[in-house]
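The values are calculated or read from the model by the stated rules, or taken from the named source; none is laboratory data. Treat the numbers as computed from the prediction; the structure is a model and nothing was measured. Here Cβ is always computed from backbone atoms with ideal geometry, including for glycine, and neighbour counts include all displayed protein chains. The protein model used for the area step is the full one, side chains on, heavy atoms only, and it has no ligands, DNA or RNA in it. Shrake-Rupley method; radii C 1.70, N 1.55, O 1.52, S 1.80 Å.
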Amino acid sequence: MFLKRKLSFMCGILGLSEVLQETLYTRRDRQETISRCFEEGLAILSHRGPDASGAKYFFDEGVFLGHTRLSIQDLSPAGTQPMMSLDEKYAITFNGEIYNFPVLKEKLEFLGYNFSSNTDTEVILNLYQEYGLDCFAMLDGIFALGIFDKEKNQLIISRDGLGIKPLYYYQDESRLVFASEIKAIEIFLKDVVLTLQKSNINKYLTFQWCPGEGTPFAEIKKHIPGETLVVTDGKIVDRKTFYRLPIFRPPAKNLKTSVRSIISGLDANLRIAVHDQMLSDAPVGAFLSGGLDSTSIVAFAKEIDPNITCFTIDAGNAANDGMADDLPYARAAAEHLKVPLEIVKVNPESLVQNLEKMVWMLDEPLGDPAPLNVFYISQLAKDNGIKVLLSGAGGDDILTGYRRHHAIMIDRQIQRLPKVLLSAVELFSGKLDKRVTLFRRLAKLFNGISLAGESRIINYFKWADQGQLLSLYTNDFRNEIKNELAEQPMLDFLAHAHPDSTDLDKMLALEQRFFTTDHNLMYTDKMSMAAGVEVRVPLLANNLIEYAATIPDNLKQNGRQGKWIFKKTMEAYLPKEIIYRPKTGFGAPLRSWLKVELRDYLEDLLSRKSLYSRGLFDPEAVHALISRNDEGQVDASYTIFSLMCIEIWCRQHVDSVKLSTGST
């Protein structure tokens with residue numbers, strides 16, 4: 001069975017606020033121009049809302065809102081967006097899911113509010129009318145939205161606290177445009193010379209993703225998670241933060257609570273998070289890799305729907321790339337839980353065929369093939385009539401699980417060694433053959449070992465150091481970013497952490513604010529919505545983030561055992577063969593594919609002619625890096641893949657628009 005409620009829609013949103021034109025004629029002409037832009041922009045976002053019948057938009061004096069609709073619950077026209085309040089004082093375009101909206105609706109009805117629909121959209125409108133900007137802190141869910149307040153002549157733009165739903169905006173002297181995806185904003189900027197932000201290109205190569213509010217374009221920003229913007233006549237007049245991660249508060253860890261009590265609390269919070277996110281009138285499916293996170297989600301979801309359909313990836317020769325093969329574990333998990341399992345076969349040919357589509361759908365040049373796995377699974381789910389998938393994303397980011405979490409726990413002991421010894425170890429490990437998985441991981445562990453404090457913590461997130469990257473850039477590129485630090489947004493973030501926070505607290509906070517938001521969650525949303533499927537992430541539910549922050553470090557990362565307390569909790573539900581299986585990433589055997597199956601594609605994208613024409617990278621330096629990677633002198637496969645994705649992105653976004661290559 002499915003827990004049912006009425007009308008909530010995942011979608012694409014689009015909006016504009018601008019200074020009014022001087023004459024009635026120019027206003028009408030402008031309105032017609034903007035209407036055409038909205039139709040084109042909404043067409044570009046149609047994959048996010050394939051159930052809409054035609055473009056849907058609202059306009060008032062100087063404000064336009066647009067929406068595309070993916071219907072998950074009731075298909076009634078009462079849920080059509082943009083939606084007006086009953087008194088017609090407010091209009092909203094909303095992409096998301098509010099899990100506590102029935103409770104909020106009851107509260108509003110007690111206060112005398114009436115409703116014409118059973119949507120969470122209308123609840124948000126009335127909640128805003130009652131509580132103003134304070135309403136967003138009351139929402140338990142995922143959202144990106146715009147509300148037009150006619151009485152105040154203000155546009156309110158807000159994004160959920162973890163940034164689970166994407167939201168971008170552009171602002172100039174006379175207008176602000178916001179949307180779920182960059183490509184929709186570009187439609188409104190045909191009269192604008194956009195600037196390629198080289199400092200952000202450097203960030204994409206450093207981390208594979210861009211931390212903070214930056215995008216490849218200097219003029220287009222990511223909306224900061226947990227923040228509300230107030231816009232009047234196209235100008236941001238106020239910003240208000242309604243959610244901050246636990247890292248900014250005094251630690252509230254249950255140091256004297258028994259392990260049994262903590263397990264009981266985690267069990268209860270996991271169940272609540274999963275059950276809340278099972279609410280749907282459409283069938284709900286789930287990712288199932290056979291790992292702890294996804295299998296735990298399915299175990300609790302099965303309590304609501306015993307026959308929940310699950311999906312996994314067959315990555316073929318993943319073991320050749322130092323990765324554990326998920327498929328046997330996924331099959332074992334499905335058999336244990338007695339749920340159906342659908343399998344998607346992934347091969348190098350499919351990566352070549354869909355890489356350009358991946359970059360286009362992402363809007364950003366992420367240097368990771370994992371987004372395609374989300375797309376393939378979402379496509380298969382859609383073919384099976386499933387519009388909603390539960391993902392295990394987030395478990396590592398709140399309860400540990402990555403190798404860097406073990407590393408940071410032993411880092412203080414390592415730092416006690418003599419500096420001369422540390423430097424020697426770093427130098428020696430850097431010369432090991434990176435084709436050997438163990439040597440590659442040792443080199444990663446000891447890279448930057450001489451760093452200290454926040455810089456040392458952040459270094460674990462880097463895929464390439466600045467010296468290596470600078471050698472790849474042209475002189476102009478190097479000169480433009482010489483005063484820039486790729487990690488600056490992360491340093492600024494940690495500067496406000498509570499002084500009693502541990503190194504593990506800080507690392508997990510970086511996972512939650514940057515790695516999940518700017519990488520995992522971004523690609524999960526974009527690539528699932530590319531197939532017209534909504535993905536929910538129960539392990540990043542508000543109650544779990546808050547509860548996880550109370551668990552002592554040694555119960556999260558216990559020696560080499562990550563997610564120790566989570567594993568102990570799930571021993572009541574899952575076999576140890578699944579709980580304690582080798583960890584693997586949700587990716588593809590990229591290192592081996594780049595040397596054989598993807599070689600021709602690589603050589604085409606990164607040919608000397610192509611690189612010279614682009615003018616960002618030194619062709620000889622790039623080809624030298626490729627050769628050193630082939631020989632095992634460096635582990636640069638993901639850097640090379642990032643270069644490929646940047647070239648594809650430039651062909652899609654730079655070569656087709658007016659662009660300035662100056663400025664950082």
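Worth a mention:
- Relative frequency of Cα-Cα separations exceeding 13 Å in the stretch 589-663, percent: 68 percent
- Here r is the Cβ-Cβ distance between Glu173 and Tyr580 and R0 is 45 Å; the resulting FRET efficiency, rounded to 0.05, is 0.15.
- Note, ³J(HN,Hα) from phi for the stretch 111-121, Karplus 6.51, -1.76, 1.60, rounded to Hz, x at Gly and Pro: 7, x, 7, 10, 10, 9, 8, 10, 9, 6, 4
- Relative to the 2.2 N^0.38 Å rule of thumb, the stretch 546-608 has a C-alpha radius of gyration ratio of 1.86.
- Secondary structure note: in the chain, about 80% of the DSSP beta bridges are antiparallel.
- Compared with the alpha-carbon gap, the fully stretched path from Glu356 to Arg478 is longer by 41.2 nm at 0.36 nm per residue.
- Summed over all non-identical Cα pairs, the Kirkwood treatment of the stretch 11-244 gives a radius of 18.1 Å.
- Ellipsoid semi-axes in whole angstrom, largest first, where each is sqrt(5λ) of the Cα gyration tensor of the stretch 223-360: 34, 28, 18
- Mean ellipticity per residue at 222 nm, deg cm²/dmol - from DSSP H runs of n ≥ 4 across the chain, formula -39500 (n - 2.57): -12000 deg cm²/dmol
- In the chain, one over the average inverse separation of all distinct C-alpha pairs is 25.7 Å, which is the Kirkwood hydrodynamic radius.
- Amide H contacts of Glu534 (H built 1.01 Å from N, under 5 Å, at least 5 apart or other chain): Val388, Leu389
- Of Ile646, Pro582, Gly615, farthest towards positive along the dipole that unit charges on Lys, Arg, Asp, Glu beta carbons give the stretch 541-664: Pro582
- Size of charge dipole - the stretch 119-187 - debye, nearest 20, with Cβ of Lys, Arg +1 and Asp, Glu -1, no other charges: 180 debye
- Inter-probe distance in nm under a simple model that places probes 7 Å from Cα toward Cβ, at Glu349 and Ser264: 5.7 nm
- Whole-Hz Karplus values for the stretch 207-216 come out as 10, 6, 8, 10, x, x, 8, x, 9, x Hz, taken residue by residue from phi with 6.51 cos²θ - 1.76 cosθ + 1.60 and θ = phi - 60°; glycine and proline positions read x.
- Loop-located chymotrypsin sites (Phe, Trp or Tyr not before Pro) in the stretch 555-653, at most 15 other Cβ atoms within 10 Å (DSSP): Tyr580
- The stretch 157-246: proportion of alpha-carbon pairs further apart than 22 angstrom, %: 30 percent
- Dipole size of the stretch 11-244 about its Cα centre, with +1 on Lys/Arg Cβ and -1 on Asp/Glu Cβ: approximately 680 debye, rounded to the nearest 20.
- For the chain, the dipole from Cβ point charges (+1 on Lys and Arg, -1 on Asp and Glu) about the Cα centre works out to 1880 debye, to the nearest 20.
- Dimensions in Å of the stretch 450-608 - Rg and Dmax from alpha carbons: 19.9, 59
- Dipole orientation for the chain: of the candidates Leu355, Gly41, His496, His496 has the Cα lying most toward the positive pole (charges on Cβ; Lys, Arg +1; Asp, Glu -1).
- Pairs from Lys240/Lys506; Lys462/Lys506; Lys198/Lys357; Lys419/Lys595 whose Cα-Cα separation, in the structure shown, is over 27 Å: Lys419/Lys595
- The loop-placed GluC sites (Glu not before Pro) in the stretch 104-211, going by DSSP, that have at most 14 neighbouring Cβ atoms within 10 Å of their Cβ come out as Glu151, Glu173.
- What a 1.4 Å probe finds exposed on the chain is 51% carbon and sulfur by accessible area, rounded to a whole percent.
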